[in-house]
1. In whole angstrom, note down how far apart the Cα centers of the stretch 220-297 and the stretch 69-94 are.
2. Would you look at the GNM of the chain, springs on alpha carbons closer than 10 Å, and say which of 145, 298, 197 moves the most?
3. Determine the sum of side-chain charges near residue 59: Lys and Arg each +1, Asp and Glu each -1, restricted to other residues whose C-beta is under 14 angstrom from that of residue 59.
4. Report the net charge of residues surrounding residue 311, where surrounding means a beta-carbon distance below 11 angstrom and charges are Lys +1, Arg +1, Asp -1, Glu -1.
5. With θ taken as phi - 60° and the coefficients 6.51, -1.76 and 1.60, list the Karplus ³J(HN,Hα) couplings across the stretch 242-259 in order, rounded to whole Hz; mark glycine and proline as x.
6. Output the pairs from 97/271; 210/285; 77/99 with a Cα-Cα distance over 25 Å in this structure; if there are none, say none.
7. Would you please calculate the Kirkwood hydrodynamic radius of the stretch 114-251 over all C-alpha pairs and express it in Å, rounded to one decimal?
8. In nm, give the distance between the simple-model label positions of residue 34 and residue 231, each being 7 Å from the Cα along the Cα-to-Cβ direction.
Amino acid sequence: MKAFVSVTLGAALALAGAAQAQEKYSLSIATGGTGGVYYPLGGGMANILSKYVPGLQATAEVTGGSVDNLKLIATGKPYIAFSMADAGQDAYRGEDKFKGTKVPLRTLMVLYPNRMHVVTIDGIGITRMADLRGKRVSTGSPGSATEVMGFRVIEAAGLDKDRDMKRERLGVAESVNALKDRKIDAFFWVGGLPTAAVTDLANTPGIKIKLIDHAETVAAMNRKYGPLYIEDVIPKATYRGMDADNRQATVWNILVSHENLSNQTAYNIVKTIFDKREDMIAVHKEAENFKLENQKAAASPIPFHPGAVKYFAERGVRIRVAPEMPALPHH
């Protein structure tokens, strides 16, 4: 009788354990506006995580971008988020738009490079950064990392964002429409290649797109904010009408979570994204950059999550779990 009781008890416990393992839990993925790259990639990510991680129901949310996303993580609710490394660093350190509020972030993975676009069209008379003086310029939507990085590029180019231009705060899709309607003269956008809204502008009859070189701002930005930015190029084949490669500033995108995300969930998320990388590439070609060799502490100013470190170690990538990054000199 004793044996029977212990067997049935054991079976009951095993069933309870299985039920618990299959318990449904939900996760929101904070992305960006519908005209960018975060949103379609986030949608693809939500689909594969919901399909392949047992019990997980993931949904992608439209947001204002990196800064909004990091504020959502700060609530402690079940979020993972797309962010640019520079905005992430500000949140982690409690600086700039996060002054006085450090967000306990962890990096899940390094995603793809985000390229700053300074966009205008032929006939407006803007050929270099200095020509933005006196013009109507959109610097990105409030709560976006376009705005964070845009302000830094403007400053490094020797311009004042408030005094030297009439500034609008529009997302990329709204900026494109405003430029088509000649309500603005230029806009800033930092995103993957190609960005759908910029492609739409380039393909508009009667419009010839121009991207303004600004790679010369990188050194000054890195001196002030740390080694976050890279001199890079948007190839001229990216958008119709480009006359030459565009020399510009690039920053890495990262996928981040709150430090309280469980190790197992973090592991499952990263493993599934890498296992189903081809599915992600089918959603947007920037997912071709989801590579093991890009997973390094140098690419993210935020420490990696232990669950992510475990997965990468299994794949032969040792990530140095960085101690607190030293504070930058005050400026």
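None of the figures in this text is laboratory data; all of them are computed from the coordinates on show. In this text the structure is predicted, and so the values were computed from the model without any measurement. For neighbour counting, all protein chains shown are included, and Cβ atoms are generated from backbone atoms with ideal geometry for every residue, glycine included.
1. Going from one Cα centre to the other spans 16 Å.
2. Its mean-square fluctuation being the largest, the pick is 298.
3. Numbers: positive: 24, 51, 77; negative: 61.
Charge balance near residue 59 sits at +2.
4. On the way: positive: 271, 310, 315; negative: 275, 314.
Once positives and negatives cancel, what remains is +1.
5. Running phi through 6.51 cos²θ - 1.76 cosθ + 1.60 with θ = phi - 60° gives 5, 8, 7, 4, 9, 8, 9, 9, 10, 9, 6, 8, 10, 9, 10, 9, 6, 5 Hz.
6. Values: 97/271 32 Å; 210/285 23 Å; 77/99 21 Å.
Over 25 Å apart, Cα to Cα: 97/271.
7. Numbers: mean 1/r = 0.0684 Å⁻¹.
In the stretch 114-251 this quantity evaluates to 14.6 Å.
8. 4.0
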